Amino acid sequence: MPFVAGVDSSTQATKIEIRDVGSGEVVAVGRADHPPVTPPLSEQDPDAWWAAFELAWRGAGSPDVAAISVGGQQHGMVALDAQDRPVHPAKLWNDMESAADAEWLVQQLGGPEAWAEAVGSVPVAAFTATKLSWLHRTHPDAWSRMVRILLPHDELTRRLTGRYTTDRGDASGTGYWSPSEGAYRWDLLEMVDAGRDWHDVVPTVLGPMDTAGEWNGAIVAPGTGDNMAAALGVGLKPGDAVMSIGTSGTVYAVSDTPTHDPSGTVAGFADATGRFLPLVCTSNAAKVTDAVRRLLDADHAEFDRLALDAEPGGPVLLPYFDGERTPNRPDARGAIGGLRTDVSRAQFARSAIDGVACGLLDGLDALRALTSLDGRLVLVGGGARSTAMQQVVAGLAGMAVVVSDADEAVATGAAVQAAAVLEQVDHAVIQDRWGLGAGQTVDGVDGGDIRARYAALRDA
């Protein structure tokens, strides 16, 4: 059987999986890091993504593949001139410089409810629409040279194919493409600049089974956003939810109907298959536990042991270290409450685990208000490898918690899409053939009254 490639171009690195189409067996992998960023300013040179892709591809053995797909970090802004050169470094999803523009745009349309109705989401600084407004407002020379706007996964797909394309999943995170209508909202783009003809500026939105082009004889699938790809990679089923714990945190589920949350807590995205993906995103997740772990001078194993040794009732950590997206507090910083002179290293470690978990569980509660969740909560991401995080979430979630077997869910999901487009079969056919969706069930630990105490600090 032929091979397919799944690419995960994240904030931190490019990761590649090469899989056998028939069995789903991983036959090669590659990885290369991206330049580090530290919000609230978060920018990267798109050339660095391509360089990382080429290095990771060589690391995977430069294989011959029949199809390839790119899953990329959502939102972001890649603004190109007529020669496809960036007019400004790419703004990433976790760049907070456009927070004022987000507020301005929300008011221009008449408030949060109008935005939720228009595109399923209320824009915050992460959304591409706000970054366009920021560029227009602050860099008029760059704005005048801009002829194309792409998302990070679109840019890598362009490098492969020479075409300007995206997919419905990633397009739904821009703030100017409507999942319910399946179309761009030109009126929202005209809010940013009414004097520009936007039709040739934005990429063509491909369908789930469309082909973006070819690269070295391989079919290039549409690609998608990282969360949409991860949903494919873990075999997400209706009624289940995913909690992804990486640099940032996300909680999402699949839905047959579009969702609209005027509060802005839940973003009403589309998925990569034709369905919808209501999602809650927090800016701070594993990077918070990593920061506290460094302060305690502990390795991962000791940090987990400390956190699980702590009795409930210690300090409470609000993990908004670098500003927060949900709730929308771009200028926030972390806070800690309930400190006593007898605080221990174990209690401090547990406060970091509890804080990240409670923020994500708030997101799970918001999802439950919009869609039925009667299945499993699937944990993915680097932060989900923490035994302490697994057991704390399992003790508080109110549903069965499973740690996914997928090592790289985004790359796996991109490979699923590549195989589905190659064979022109439903994504579920590939998922079932490859045995995706398996995982280990986790027993929880007692969280005491941490969620109530966390809520009190959050709302103070």
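Of note:
- Positions within the range 370-398 being farther than 25 Å from Thr11 by Cβ, open to solvent by 10 Å² or more (accessible area, probe 1.4 Å) and not hydroxyl-bearing (Ser, Thr, Tyr), in sequence order: Leu370, Leu373, Asp374, Gly375, Arg376, Gln391, Ala394, Gly395, Leu396, Gly398
- Any hit, the range 212-225, residues being assigned to a loop (DSSP other than H, G, I, E, B), open to solvent by 10 Å² or more (accessible area, probe 1.4 Å) and in contact with a strand residue (DSSP E or B) (Cβ under 6 Å, 6 or more places away or on another chain): no
- Matching residues, the range 139-163, being outside any helix (DSSP H, G or I) and more than 21 Å from Glu54 (Cβ to Cβ): His139, Met146, Val147, Arg148, Ile149
- In the set (1) open to solvent by 10 Å² or more (accessible area, probe 1.4 Å); (2) within 25 Å of Glu324 (Cβ to Cβ); (3) part of a helix (DSSP H, G or I), the condition left unmet by Arg58 is number (2).
- Lone unmet requirement of (1) at pLDDT below 95; (2) of a type outside the set (Phe, Trp, Tyr); (3) open to solvent by 20 Å² or more (accessible area, probe 1.4 Å) for Asp290: (1)
- Ser180 being farther than 14 Å from Gln74 by Cα and in a helix (DSSP H, G or I): no
- In the range 27-41, the residue that is farthest from Leu422 (Cα to Cα) out of those that are in a strand (DSSP E or B) and open to solvent by less than 60 Å² (accessible area, probe 1.4 Å) is Ala32.
- Considering the conditions (1) open to solvent by less than 10 Å² (accessible area, probe 1.4 Å); (2) closer than 21 Å to Val254 by Cα, Pro152 is excluded by exactly one of them, (2).
- Elements of type strands (runs of 3 or more DSSP E) contained in the range 258-346, each with 3 or more residues being touching a residue at least 24 places away in the same chain (Cβ under 8 Å): 267-270, 276-282, 316-318
Rundown of residues vs (1) within 20 Å of Asn94 (Cβ to Cβ); (2) in contact with a strand residue (DSSP E or B) (Cβ under 7 Å, 6 or more places away or on another chain); (3) open to solvent by 20 Å² or more (accessible area, probe 1.4 Å); (4) in a helix (DSSP H, G or I), yes/no style:
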site	(1), (2), (3), (4)
Gly6	no, yes, no, no
Ile18	no, yes, no, no
Ser23	no, no, yes, no
Ala51	no, no, yes, yes
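- Exactly one residue out of Ser23, Ser42 is at negative phi and under 23 Å from the mean Cα position of the chain (by Cα), and it is Ser42.
- Within the range 238-257, if we keep just the residues that are β-branched (Val, Ile, Thr) and not in a strand (DSSP E or B), the residue that is most open to solvent (accessible area, probe 1.4 Å) turns out to be Thr257.
- The set of residues in the range 61-81 being closer than 13 Å to Ile16 by Cα and open to solvent by 10 Å² or more (accessible area, probe 1.4 Å) consists of Gly61, Ser62, Pro63, Val65.
- Consider the range 399-443 and keep the residues that are among the β-branched types (Val, Ile, Thr) and not in a strand (DSSP E or B). The one that is most open to solvent (accessible area, probe 1.4 Å) is Val429.
- Unmet criterion (only one of (1) of a type outside the set (Asp, Glu); (2) without any contact (Cβ under 8 Å) to a residue 40 or more places away in the chain; (3) under 29 Å from Val106 (Cβ atoms)) for Ser255: (2)
- Test: residue in the range 145-165 that is at pLDDT 95 or above, of a type in the set (Gly, Ala, Ser) and at negative phi: no
- Subset of the range 86-104 [within 16 Å of His139 (Cα to Cα) and either open to solvent by 30 Å² or more (accessible area, probe 1.4 Å) or of a type in the set (Val, Ile, Thr) (or both)]: Pro86, Val87, Pro89, Glu97, Ala100
- Only listed residue being under 21 Å from Gly334 (Cβ atoms) and either under 19 Å from the mean Cα position of the chain (by Cα) or charged (D, E, K, R) (or both), chosen from Thr273, Thr282: Thr282
- Search result, residues across the range 90-110 that are under 29 Å from Trp215 (Cβ atoms) and either of a type in the set (Phe, Trp, Tyr) or more than 20 Å from the chain's Cα centre (by Cα) (or both): Trp93
- Candidate set from the range 306-336 (those that are within 29 Å of the chain's Cα centre (by Cα) and small (Gly, Ala, Ser)); member that is surrounded by the most Cβ atoms within 10 Å (Cβ to Cβ): Ala307
- His136 open to solvent by 50 Å² or more (accessible area, probe 1.4 Å) and within 23 Å of Pro40 (Cβ to Cβ): yes
- Which listed residue, of Leu457, Leu367, is open to solvent by 30 Å² or more (accessible area, probe 1.4 Å), assigned to a helix (DSSP H, G or I), of a type in the set (A, V, I, L, M) and in contact (Cβ under 8 Å) with a residue 40 or more places away in the chain: Leu457
The values are calculated or read from the model by the stated rules, or taken from the named source; none is laboratory data. Being a predicted model, the structure only gives us computed values, none of them experimental. Positions of Cβ are backbone-derived with ideal geometry, glycine not excepted, and every protein chain shown enters the neighbour counts. Ligands, DNA and RNA are stripped out before the accessible areas are found, and what is left, the full protein with its side chains, is counted by its heavy atoms. Shrake-Rupley method; radii C 1.70, N 1.55, O 1.52, S 1.80 Å.
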